[in-house]
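The values are calculated or read from the model by the stated rules, or taken from the named source; none is laboratory data. Since the model is a prediction, treat every value here as computed from it, not as a measurement. Backbone-built Cβ (ideal geometry, glycine too); neighbour counts: all protein chains shown. Accessible surface areas use protein heavy atoms only, side chains included; no ligands, DNA or RNA. Shrake-Rupley method; radii C 1.70, N 1.55, O 1.52, S 1.80 Å.
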Amino acid sequence: MFERQARFEPQALRSSFRQLYGKEPRLFSAPGRVNLIGEHTDYNEGFVLPMAADRRTYVAAASRDDRCFSVYSFNLEEDGQFELNKKISPPRKRWLAYIEGVARLLVEKGINLKGADIAISSELPMGAGLSSSAALEIAVGFALLKLTETRVDLMQLAQAAQEAEHLFVGTRSGLMDQLTATFAVKNHALLIDCRSLERKATPVNLPAMAVVVCDTRIKHELATSAYNERRHECEQAVEILRKKKPTIRSLRDVSIDDLEQYGGLLPETLQRRVRHVVTENQRTLLASEALPRGDADRLGQLMYESHDSLRNDYEVSCRELDIMVALARQQEGVSGARMMGGGFGGSTVNLVRRDTLEQFARAVSDGYTWATGLVPVVIPVEADEGVCELE
Ligand code: ADP
Ligand code: MG
(Lines give C-alpha, C1' and ligand atoms only; values in the text may rest on other atoms or scores of the structure.)
(Ligands and ions follow the chains in the order given, each with its own letter.)
Protein backbone atom coordinates (compact mmCIF):
# COMPACT_ATOMS: atom_id res chain seq x y z
CA MET A 1 0.00 0.00 0.00
CA PHE A 2 2.72 2.42 1.00
CA GLU A 3 5.71 3.10 -1.15
CA ARG A 4 8.30 1.74 1.29
CA GLN A 5 11.79 1.07 0.09
CA ALA A 6 14.33 -1.02 1.89
CA ARG A 7 16.20 1.09 4.42
CA PHE A 8 19.37 2.62 3.08
CA GLU A 9 22.56 0.74 3.89
CA PRO A 10 25.58 3.05 4.24
CA GLN A 11 27.93 0.08 4.11
CA ALA A 12 26.54 -0.98 0.74
CA LEU A 13 27.18 2.46 -0.75
CA ARG A 14 30.65 2.48 0.78
CA SER A 15 31.59 -0.85 -0.78
CA SER A 16 30.01 0.05 -4.15
CA PHE A 17 32.09 3.21 -4.12
CA ARG A 18 35.24 1.19 -3.43
CA GLN A 19 34.44 -1.06 -6.37
CA LEU A 20 33.81 1.91 -8.65
CA TYR A 21 36.77 4.07 -7.73
CA GLY A 22 39.13 1.82 -5.78
CA LYS A 23 39.35 4.14 -2.78
CA GLU A 24 37.72 4.94 0.52
CA PRO A 25 34.89 7.56 0.50
CA ARG A 26 33.35 9.84 3.10
CA LEU A 27 29.55 9.66 3.33
CA PHE A 28 27.06 12.55 3.41
CA SER A 29 23.31 12.87 3.17
CA ALA A 30 20.55 15.47 2.75
CA PRO A 31 16.78 15.06 3.17
CA GLY A 32 13.78 15.65 0.95
CA ARG A 33 11.17 18.12 2.12
CA VAL A 34 7.45 18.43 2.75
CA ASN A 35 5.81 21.83 3.01
CA LEU A 36 3.11 21.75 5.70
CA ILE A 37 1.70 25.13 4.69
CA GLY A 38 2.70 28.40 2.99
CA GLU A 39 2.25 27.85 -0.75
CA HIS A 40 3.13 30.46 -3.39
CA THR A 41 4.24 32.73 -0.56
CA ASP A 42 8.01 32.31 -0.94
CA TYR A 43 8.47 34.52 -3.99
CA ASN A 44 6.20 37.10 -2.31
CA GLU A 45 8.72 37.33 0.55
CA GLY A 46 6.23 35.70 2.90
CA PHE A 47 6.28 32.68 5.22
CA VAL A 48 6.57 28.94 4.63
CA LEU A 49 6.49 26.02 7.08
CA PRO A 50 8.36 23.03 5.63
CA MET A 51 10.01 20.08 7.33
CA ALA A 52 12.60 17.58 6.12
CA ALA A 53 11.37 14.11 5.14
CA ASP A 54 13.06 11.00 6.52
CA ARG A 55 13.92 9.99 2.99
CA ARG A 56 17.34 11.10 2.00
CA THR A 57 19.88 11.33 -0.77
CA TYR A 58 23.24 9.80 0.12
CA VAL A 59 26.53 10.82 -1.41
CA ALA A 60 29.81 8.95 -1.15
CA ALA A 61 32.74 11.12 -2.19
CA ALA A 62 36.53 11.22 -2.20
CA SER A 63 38.72 14.07 -3.42
CA ARG A 64 41.06 13.92 -6.41
CA ASP A 65 44.30 15.70 -7.18
CA ASP A 66 42.97 17.32 -10.38
CA ARG A 67 39.87 19.45 -10.94
CA CYS A 68 37.85 16.66 -12.61
CA PHE A 69 34.59 15.22 -11.33
CA SER A 70 33.39 11.72 -11.93
CA VAL A 71 29.81 11.01 -10.84
CA TYR A 72 27.69 7.86 -10.72
CA SER A 73 23.97 7.74 -9.83
CA PHE A 74 22.83 4.33 -8.60
CA ASN A 75 19.21 5.43 -9.07
CA LEU A 76 19.65 6.18 -12.76
CA GLU A 77 22.48 3.66 -13.28
CA GLU A 78 24.28 6.36 -15.23
CA ASP A 79 27.64 8.06 -14.97
CA GLY A 80 28.84 11.52 -15.94
CA GLN A 81 31.99 13.65 -15.93
CA PHE A 82 32.95 17.30 -15.98
CA GLU A 83 36.06 19.43 -15.49
CA LEU A 84 36.18 22.77 -13.74
CA ASN A 85 39.10 23.91 -15.88
CA LYS A 86 37.12 23.38 -19.06
CA LYS A 87 34.25 25.52 -20.30
CA ILE A 88 30.77 24.06 -19.95
CA SER A 89 29.91 22.09 -23.05
CA PRO A 90 26.19 21.56 -23.53
CA PRO A 91 24.21 19.49 -24.25
CA ARG A 92 24.79 17.40 -21.18
CA LYS A 93 22.71 15.10 -19.03
CA ARG A 94 20.05 16.99 -17.13
CA TRP A 95 20.72 15.26 -13.82
CA LEU A 96 24.42 16.12 -14.06
CA ALA A 97 23.55 19.82 -14.45
CA TYR A 98 22.39 19.96 -10.81
CA ILE A 99 25.80 18.70 -9.69
CA GLU A 100 27.99 20.63 -12.08
CA GLY A 101 25.86 23.71 -11.31
CA VAL A 102 26.50 23.52 -7.57
CA ALA A 103 30.21 22.89 -8.07
CA ARG A 104 30.64 25.81 -10.47
CA LEU A 105 28.61 28.20 -8.32
CA LEU A 106 30.62 27.33 -5.23
CA VAL A 107 33.76 28.10 -7.23
CA GLU A 108 32.20 31.37 -8.35
CA LYS A 109 31.64 32.23 -4.68
CA GLY A 110 35.37 31.97 -4.14
CA ILE A 111 35.77 28.41 -2.92
CA ASN A 112 38.75 26.59 -4.31
CA LEU A 113 37.10 23.22 -4.97
CA LYS A 114 39.20 20.18 -5.68
CA GLY A 115 37.97 17.50 -8.05
CA ALA A 116 36.08 14.54 -6.64
CA ASP A 117 34.82 11.04 -7.31
CA ILE A 118 31.17 10.84 -6.35
CA ALA A 119 28.52 8.14 -6.05
CA ILE A 120 24.86 8.90 -5.36
CA SER A 121 22.09 6.76 -3.94
CA SER A 122 18.70 8.18 -2.96
CA GLU A 123 15.58 7.02 -1.15
CA LEU A 124 13.61 9.89 -2.66
CA PRO A 125 11.27 9.42 -5.60
CA MET A 126 12.21 11.90 -8.35
CA GLY A 127 9.63 14.44 -9.42
CA ALA A 128 7.11 13.48 -6.73
CA GLY A 129 7.20 16.86 -5.02
CA LEU A 130 9.57 15.83 -2.22
CA SER A 131 12.36 17.90 -3.76
CA SER A 132 14.83 15.22 -4.68
CA SER A 133 16.61 17.93 -6.67
CA ALA A 134 17.43 20.08 -3.62
CA ALA A 135 18.47 16.98 -1.65
CA LEU A 136 20.86 16.12 -4.47
CA GLU A 137 22.31 19.63 -4.74
CA ILE A 138 22.75 20.07 -1.01
CA ALA A 139 24.20 16.61 -0.36
CA VAL A 140 26.72 16.96 -3.19
CA GLY A 141 27.55 20.60 -2.43
CA PHE A 142 28.10 19.80 1.26
CA ALA A 143 30.32 16.85 0.33
CA LEU A 144 32.43 19.02 -1.98
CA LEU A 145 32.83 21.71 0.68
CA LYS A 146 33.75 19.19 3.37
CA LEU A 147 36.35 17.60 1.08
CA THR A 148 37.85 21.01 0.42
CA GLU A 149 37.43 23.09 3.55
CA THR A 150 36.96 22.71 7.24
CA ARG A 151 34.54 25.60 7.65
CA VAL A 152 31.31 25.39 5.68
CA ASP A 153 29.04 28.40 5.19
CA LEU A 154 25.65 26.67 5.05
CA MET A 155 23.72 29.70 3.83
CA GLN A 156 26.19 30.09 0.99
CA LEU A 157 25.66 26.42 0.13
CA ALA A 158 21.84 26.79 0.06
CA GLN A 159 22.13 29.84 -2.18
CA ALA A 160 24.61 28.21 -4.53
CA ALA A 161 22.24 25.25 -4.88
CA GLN A 162 19.27 27.47 -5.69
CA GLU A 163 21.29 29.44 -8.23
CA ALA A 164 22.47 26.17 -9.77
CA GLU A 165 18.87 25.16 -10.29
CA HIS A 166 18.07 28.55 -11.85
CA LEU A 167 21.11 28.90 -14.06
CA PHE A 168 22.04 25.34 -14.97
CA VAL A 169 18.71 23.52 -14.94
CA GLY A 170 16.35 26.40 -15.71
CA THR A 171 13.93 25.98 -12.79
CA ARG A 172 13.05 29.35 -11.32
CA SER A 173 12.04 28.44 -7.78
CA GLY A 174 12.29 29.88 -4.29
CA LEU A 175 14.93 29.02 -1.70
CA MET A 176 12.64 26.95 0.55
CA ASP A 177 13.71 23.49 -0.61
CA GLN A 178 17.42 24.19 -0.28
CA LEU A 179 17.04 25.91 3.11
CA THR A 180 15.07 22.92 4.39
CA ALA A 181 17.54 20.33 3.09
CA THR A 182 20.32 22.36 4.73
CA PHE A 183 18.95 23.60 8.04
CA ALA A 184 16.15 21.18 9.01
CA VAL A 185 16.04 19.96 12.60
CA LYS A 186 14.82 16.47 13.54
CA ASN A 187 11.23 16.40 14.90
CA HIS A 188 10.81 20.04 13.93
CA ALA A 189 9.38 22.07 11.07
CA LEU A 190 11.08 25.32 10.00
CA LEU A 191 9.14 28.55 9.94
CA ILE A 192 11.03 30.46 7.25
CA ASP A 193 10.72 34.17 6.68
CA CYS A 194 11.41 34.36 2.96
CA ARG A 195 12.42 38.03 3.21
CA SER A 196 15.07 37.86 5.92
CA LEU A 197 15.68 34.11 5.35
CA GLU A 198 15.49 33.70 9.12
CA ARG A 199 14.46 30.25 10.25
CA LYS A 200 12.72 29.24 13.44
CA ALA A 201 12.72 25.55 14.35
CA THR A 202 9.21 24.68 15.48
CA PRO A 203 8.57 21.37 17.31
CA VAL A 204 6.22 18.98 15.53
CA ASN A 205 4.34 18.07 18.68
CA LEU A 206 1.85 15.63 17.16
CA PRO A 207 2.83 12.12 18.31
CA ALA A 208 -0.52 10.57 17.30
CA MET A 209 -0.44 12.06 13.79
CA ALA A 210 1.55 11.25 10.67
CA VAL A 211 2.36 13.58 7.82
CA VAL A 212 1.53 11.75 4.59
CA VAL A 213 2.37 12.72 1.03
CA CYS A 214 0.08 11.48 -1.76
CA ASP A 215 1.58 11.75 -5.24
CA THR A 216 -1.09 12.18 -7.93
CA ARG A 217 1.34 10.88 -10.57
CA ILE A 218 0.31 13.66 -12.88
CA LYS A 219 1.89 16.94 -13.91
CA HIS A 220 -0.06 19.06 -16.35
CA GLU A 221 1.72 21.01 -19.09
CA LEU A 222 0.32 24.22 -17.65
CA ALA A 223 2.43 24.02 -14.50
CA THR A 224 5.44 26.07 -15.63
CA SER A 225 3.62 28.75 -17.60
CA ALA A 226 1.02 29.23 -14.84
CA TYR A 227 3.76 29.51 -12.22
CA ASN A 228 5.44 32.30 -14.16
CA GLU A 229 2.09 33.96 -14.81
CA ARG A 230 1.23 33.97 -11.08
CA ARG A 231 4.59 35.51 -10.24
CA HIS A 232 3.91 38.20 -12.78
CA GLU A 233 0.39 38.84 -11.45
CA CYS A 234 1.80 39.32 -7.96
CA GLU A 235 4.32 41.86 -9.26
CA GLN A 236 1.54 43.71 -11.07
CA ALA A 237 -0.56 43.84 -7.89
CA VAL A 238 2.40 45.26 -5.95
CA GLU A 239 2.89 47.97 -8.59
CA ILE A 240 -0.74 49.07 -8.24
CA LEU A 241 -0.93 48.85 -4.44
CA ARG A 242 2.29 50.72 -3.76
CA LYS A 243 0.89 53.78 -5.47
CA LYS A 244 -1.47 54.03 -2.50
CA LYS A 245 0.94 52.74 0.10
CA PRO A 246 4.61 53.18 -0.86
CA THR A 247 5.82 50.94 1.99
CA ILE A 248 4.49 47.92 0.07
CA ARG A 249 7.57 46.30 -1.52
CA SER A 250 6.05 42.89 -2.01
CA LEU A 251 2.77 41.16 -1.15
CA ARG A 252 4.35 40.29 2.18
CA ASP A 253 3.71 43.90 3.19
CA VAL A 254 -0.01 43.78 2.43
CA SER A 255 -2.26 43.28 5.45
CA ILE A 256 -5.85 42.08 5.52
CA ASP A 257 -6.83 45.70 6.28
CA ASP A 258 -4.87 46.95 3.26
CA LEU A 259 -6.68 44.45 1.11
CA GLU A 260 -10.04 45.68 2.33
CA GLN A 261 -9.07 49.30 1.91
CA TYR A 262 -7.25 49.18 -1.43
CA GLY A 263 -8.31 45.86 -2.93
CA GLY A 264 -10.95 47.60 -5.05
CA LEU A 265 -8.19 49.26 -7.08
CA LEU A 266 -7.16 45.88 -8.44
CA PRO A 267 -8.83 43.97 -11.25
CA GLU A 268 -10.96 41.14 -9.85
CA THR A 269 -8.46 38.41 -10.72
CA LEU A 270 -5.59 40.23 -9.01
CA GLN A 271 -7.75 40.79 -5.94
CA ARG A 272 -8.11 37.05 -5.57
CA ARG A 273 -4.41 36.39 -6.17
CA VAL A 274 -3.51 38.90 -3.46
CA ARG A 275 -6.14 37.51 -1.11
CA HIS A 276 -4.55 34.09 -1.39
CA VAL A 277 -1.07 35.35 -0.58
CA VAL A 278 -2.17 37.58 2.30
CA THR A 279 -4.38 34.94 3.94
CA GLU A 280 -1.84 32.17 3.30
CA ASN A 281 0.84 34.13 5.14
CA GLN A 282 -1.54 34.53 8.05
CA ARG A 283 -2.45 30.83 8.00
CA THR A 284 1.22 29.88 7.98
CA LEU A 285 1.95 31.95 11.07
CA LEU A 286 -1.10 30.49 12.83
CA ALA A 287 -0.02 26.98 11.84
CA SER A 288 3.44 27.58 13.32
CA GLU A 289 1.68 28.26 16.64
CA ALA A 290 -0.70 25.29 16.39
CA LEU A 291 2.14 22.85 15.66
CA PRO A 292 4.11 23.09 18.95
CA ARG A 293 0.80 23.28 20.83
CA GLY A 294 -0.06 19.88 19.37
CA ASP A 295 -3.31 21.25 17.95
CA ALA A 296 -3.88 18.87 15.03
CA ASP A 297 -7.43 20.07 14.43
CA ARG A 298 -6.37 23.69 14.05
CA LEU A 299 -3.40 22.84 11.85
CA GLY A 300 -5.61 20.58 9.74
CA GLN A 301 -8.28 23.23 9.37
CA LEU A 302 -5.64 25.71 8.16
CA MET A 303 -4.46 23.13 5.62
CA TYR A 304 -7.99 22.70 4.26
CA GLU A 305 -8.36 26.47 4.04
CA SER A 306 -5.03 26.69 2.26
CA HIS A 307 -6.23 24.21 -0.34
CA ASP A 308 -9.49 26.05 -0.91
CA SER A 309 -7.62 29.33 -1.29
CA LEU A 310 -5.13 27.80 -3.77
CA ARG A 311 -8.01 26.33 -5.74
CA ASN A 312 -10.48 29.22 -5.74
CA ASP A 313 -8.39 32.37 -5.40
CA TYR A 314 -4.99 31.41 -6.78
CA GLU A 315 -6.38 28.88 -9.26
CA VAL A 316 -3.41 26.52 -9.31
CA SER A 317 -5.16 23.29 -8.36
CA CYS A 318 -6.49 20.70 -10.82
CA ARG A 319 -9.04 17.92 -10.90
CA GLU A 320 -6.65 15.24 -9.64
CA LEU A 321 -5.44 17.34 -6.68
CA ASP A 322 -9.01 18.23 -5.75
CA ILE A 323 -10.05 14.57 -5.89
CA MET A 324 -7.11 13.55 -3.71
CA VAL A 325 -7.94 16.20 -1.11
CA ALA A 326 -11.67 15.42 -1.20
CA LEU A 327 -10.97 11.71 -0.67
CA ALA A 328 -8.68 12.44 2.27
CA ARG A 329 -11.29 14.73 3.77
CA GLN A 330 -13.82 11.88 3.82
CA GLN A 331 -11.58 9.57 5.86
CA GLU A 332 -11.84 9.14 9.59
CA GLY A 333 -8.65 10.22 11.33
CA VAL A 334 -7.71 12.92 8.82
CA SER A 335 -7.34 16.43 10.27
CA GLY A 336 -6.23 18.26 7.15
CA ALA A 337 -5.14 17.96 3.53
CA ARG A 338 -4.01 20.30 0.80
CA MET A 339 -2.17 20.45 -2.48
CA MET A 340 1.56 20.97 -2.06
CA GLY A 341 4.01 22.65 -4.44
CA GLY A 342 3.41 24.77 -7.50
CA GLY A 343 0.17 23.06 -8.51
CA PHE A 344 -1.43 21.53 -11.62
CA GLY A 345 -0.44 18.08 -10.36
CA GLY A 346 2.29 16.87 -8.04
CA SER A 347 1.43 15.87 -4.50
CA THR A 348 -0.87 16.58 -1.60
CA VAL A 349 0.18 16.73 2.06
CA ASN A 350 -2.13 15.18 4.66
CA LEU A 351 -2.32 15.04 8.43
CA VAL A 352 -3.48 11.54 9.35
CA ARG A 353 -3.96 9.75 12.69
CA ARG A 354 -1.33 7.01 12.83
CA ASP A 355 -3.77 4.29 13.86
CA THR A 356 -5.80 4.91 10.69
CA LEU A 357 -2.85 5.02 8.26
CA GLU A 358 -3.48 1.65 6.57
CA GLN A 359 -7.13 2.42 6.11
CA PHE A 360 -6.32 5.89 4.82
CA ALA A 361 -3.84 4.63 2.25
CA ARG A 362 -6.22 1.97 0.95
CA ALA A 363 -9.29 4.19 0.75
CA VAL A 364 -7.52 7.13 -0.87
CA SER A 365 -5.64 4.91 -3.35
CA ASP A 366 -8.74 2.97 -4.37
CA GLY A 367 -10.90 6.06 -4.64
CA TYR A 368 -8.29 7.95 -6.62
CA THR A 369 -7.71 5.08 -9.04
CA TRP A 370 -11.45 4.66 -9.51
CA ALA A 371 -11.89 8.36 -10.30
CA THR A 372 -8.80 8.94 -12.46
CA GLY A 373 -7.45 5.58 -13.62
CA LEU A 374 -4.10 6.51 -12.04
CA VAL A 375 -2.31 4.67 -9.25
CA PRO A 376 -1.12 7.17 -6.62
CA VAL A 377 1.86 6.80 -4.32
CA VAL A 378 1.27 7.24 -0.60
CA ILE A 379 4.34 8.14 1.47
CA PRO A 380 4.25 8.72 5.26
CA VAL A 381 7.15 10.91 6.39
CA GLU A 382 8.74 11.92 9.71
CA ALA A 383 10.48 15.24 10.36
CA ASP A 384 14.19 14.53 9.86
CA GLU A 385 17.42 16.50 10.21
CA GLY A 386 19.18 18.55 7.53
CA VAL A 387 22.40 17.80 5.66
CA CYS A 388 25.05 15.88 7.60
CA GLU A 389 28.10 13.69 7.34
CA LEU A 390 27.69 10.04 8.34
CA GLU A 391 30.15 8.55 10.78
P1 ADP B 1 11.67 16.97 -7.37
O2 ADP B 1 12.74 17.88 -6.90
O3 ADP B 1 10.31 17.40 -6.93
O4 ADP B 1 11.92 15.52 -7.02
P5 ADP B 1 12.65 17.86 -9.91
O6 ADP B 1 12.17 17.68 -11.28
O7 ADP B 1 12.86 19.22 -9.38
O8 ADP B 1 11.64 17.03 -8.96
O9 ADP B 1 14.02 17.08 -9.72
C10 ADP B 1 14.15 15.74 -10.16
C11 ADP B 1 15.42 15.63 -10.96
O12 ADP B 1 16.57 15.73 -10.11
C13 ADP B 1 15.58 14.28 -11.63
O14 ADP B 1 14.90 14.24 -12.87
C15 ADP B 1 17.09 14.18 -11.79
O16 ADP B 1 17.52 14.93 -12.90
C17 ADP B 1 17.61 14.88 -10.53
N18 ADP B 1 17.86 13.89 -9.47
C19 ADP B 1 17.26 13.82 -8.27
N20 ADP B 1 17.75 12.79 -7.53
C21 ADP B 1 18.67 12.18 -8.28
C22 ADP B 1 19.53 11.02 -8.12
N23 ADP B 1 19.50 10.30 -6.99
N24 ADP B 1 20.36 10.70 -9.14
C25 ADP B 1 20.38 11.42 -10.27
N26 ADP B 1 19.60 12.49 -10.50
C27 ADP B 1 18.75 12.87 -9.52
MG1 MG C 1 12.90 19.97 -7.46
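Protection proxy ranking of 227-234, 335-342, 188-195, by the mean of other Cβ atoms within 10 Å over each peptide's residues and highest first, is 335-342, 188-195, 227-234. Of Ile256, Ile118, Ile138, the residue with the greatest mean-square motion in the GNM of the chain, using alpha carbon springs below 10 Å, is Ile256. Accessible area per residue was computed with a 1.4 Å probe on protein heavy atoms; Asp257 scores about 100 Å².
DSSP beta bridges confined to the chain are antiparallel in about 90 percent of cases. For Asn228 and Gln81, the FRET efficiency from 1/(1 + (r/R0)^6), where r spans their Cβ atoms and R0 equals 35 Å, is about 0.60. The stretch 233-291 and the stretch 1-75 have Cα centres spaced 36 Å apart. Positive end of the dipole of the chain (Cβ unit charges, origin at the Cα centre): among Leu167, Leu259, Leu76, the Cα lying farthest that way belongs to Leu167. Per residue, the chain exposes an accessible area of 42 Å² to a 1.4 Å probe, with every protein chain left in place. Does the stretch 185-324 come out rounded, prolate or oblate, given a ≥ b ≥ c as the square roots of the eigenvalues of its C-alpha gyration tensor, rounded meaning a/c under 1.5 and, failing that, prolate meaning a/b above b/c? Because a/c hits 1.5 or more and a/b fails to exceed b/c, the stretch 185-324 counts as oblate. Seen from Ile248, the other residues with C-beta closer than 10 Å to its C-beta sum to a net charge of +3, counting Lys and Arg as +1 and Asp and Glu as -1. Annotation: amide H-H contacts under 5 Å for Ala116 (H modelled 1.01 Å from N, sequence separation of 5 or more, or interchain): Arg64, Cys68, Phe69, Ser70.
So if each residue of separation counts as 0.36 nm, and I subtract the Cα-Cα distance between Ser70 and Asp54, what length gain in nm does that give? Walk me through the intermediate numbers first.
On the way: separation 16, 0.36 × 16 = 5.76 nm, distance 2.75 nm.
Going from the current span to full extension adds 3.0 nm.
Taking amide H as placed 1.01 Å from N in the peptide plane, Gly294 has its amide H under 5 Å from the amide H of Asn205, each at least 5 places away in sequence or on another chain. Modelled spin-label separation between Glu358 and Asp257, with each label point placed 7 Å from Cα along the Cα-to-Cβ direction: 5.4 nm.
Over the stretch 1-85, what is the mean sequence separation of C-alpha contacts under 8 Å (at least six apart), divided by residue count, expressed as relative contact order in percent?
23 percent
Shape descriptor for the stretch 49-90: Rg over Rh equals 1.11 (Cα atoms; Rh from the Kirkwood inverse mean 1/r). For the chain, the fraction of 1.4 Å probe accessible surface lying on carbon and sulfur atoms is 47 percent. Can you name the helices of the chain, as whole DSSP H runs, whose Cα span along the helix axis is 18 Å or more and whose Kyte-Doolittle mean is not below 0.5? Helix filter hits for the chain: 94-108, 132-148. Note that the stretch 43-55 has calculated 3J(HN,Hα) couplings of 6, 9, 6, x, 10, 9, 9, x, 9, 7, 8, 7, 10 Hz, one per residue in order, obtained from phi through the Karplus relation 6.51 cos²θ - 1.76 cosθ + 1.60 (θ = phi - 60°); glycine and proline are x.
Of Lys87/Lys114; Lys109/Lys200; Lys86/Lys114, which pairs sit farther than 23 Å apart, going by alpha carbon to alpha carbon? Too far apart for the 23 Å limit: Lys109/Lys200. Using heavy atoms of the protein chains and a probe of 1.4 Å, the accessible area assigned to Ile218 is about 40 Å².
Within the shell defined by Cβ-Cβ distances under 12 Å, the residues around Thr182 carry a net charge of -2, with Lys and Arg each +1 and Asp and Glu each -1. Spin-label model, Arg26/Asp297: points 7 Å from Cα along the beta carbon direction are separated by 5.0 nm.
When all protein chains stay in place, what accessible area (Å², nearest 10, 1.4 Å probe) is found for Lys86? In the full protein context, Lys86 sits at about 120 Å².
Shape of the stretch 293-339 from the C-alpha gyration tensor: oblate (a/c of 1.5 or more and a/b not above b/c, with a ≥ b ≥ c the square roots of its eigenvalues).
Charge tally around Ala134: other residues with Cβ under 11 Å, Lys/Arg +1 each, Asp/Glu -1 each, net -2.
Projected onto planes of every orientation and averaged, the convex hull of the alpha-carbon atoms in the chain covers 19.6 nm².
Taking the Cα centre of the chain as reference, the dipole from Cβ charges on Lys and Arg (+1) and Asp and Glu (-1) amounts to some 580 debye. Taken about its Cα centre, the stretch 109-231 carries a charge dipole of about 220 debye when Lys and Arg each add +1 at the Cβ and Asp and Glu each add -1 at the Cβ.
Close amide H pairs (under 5 Å, H built 1.01 Å from N) link Ala383 with Asn187, residues at least 5 positions away or on another chain. For a modelled paramagnetic label at Thr150, 7 Å from Cα along Cα-to-Cβ, the residues of the stretch 9-39 in reach, with backbone nitrogen under 20 Å, are 26-27.
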